Amino acid sequence: MARAARRSCQHLRELIETVIAFSDVSTDDLALNQSHEDLRRALDEALEILGPGLDGKAKTVRITQFSVPDPVYIDRSQIKLALTALIENAALHGGDHLDLSAQISPEGHIEISITDDGQLGAEVDLDALYRPFVVGGSLNTRKVGGLGLGLPLTRKIGELHGGELDVMAEDASTLELIRLPAWRANFTPD
């Protein structure tokens, strides 16, 4: 019972922190604290935060590719928040297997992706998922919970970094992709 109470308290704290973070980002009250950072470290930290939660849901998570040269010019804590939200979103709403990758696109952009083997239902409107508090369809048809802030928060953090977020659904998989501009991999201060 103590363990369950501790997990419930931790979950409530995380929900409150997510709402506050979304509020800061959506009202433009958030200023990035950018520096040269190790992107792999941010990804590993996001996985550590969610590790026990993902294991409890019998999800398999693996990093399939990482080929982004370090350092990159980002706000590591905000990117870690975005990655945590995306991984948790894929774990809650996606399939049983999540593949993470980070690479440089042919155009030079930093692309961080999470692919899962789940199917989005026909009732899910992809454009609506970018709006706050929309969770996989209407309250009457969705199968799992959540606040509906993960994708909007991630999108705002990506935009603050000059990037974008895309969610692409196929018949047998869903891809969530953060694309950051090429200059973040090659930034040198004046």
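Please treat every number below as a calculation from the coordinates, not as lab data. Keep in mind that this is a model prediction, so the values were computed, not measured. We place every Cβ from the backbone using ideal geometry, glycine too, and count neighbours over all the protein chains shown.
At-a-glance table
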| item | result |
| --- | --- |
| Cβ crowding within 10 Å averaged over residues, with 151-159, 92-100 ranked highest first | 151-159, 92-100 |
| Sparse-neighbourhood loop sites, GluC sites (Glu not before Pro) in region 78-119 - DSSP loop, at most 11 other Cβ within 10 angstrom | 107 |
| Peptides 75-87, 168-180 ordered by average Cβ neighbours within 10 Å, highest first | 75-87, 168-180 |
| Potential extension, residue 9-residue 104 segment - 0.36 nm per residue separation minus Cα distance | 30.3 nm |
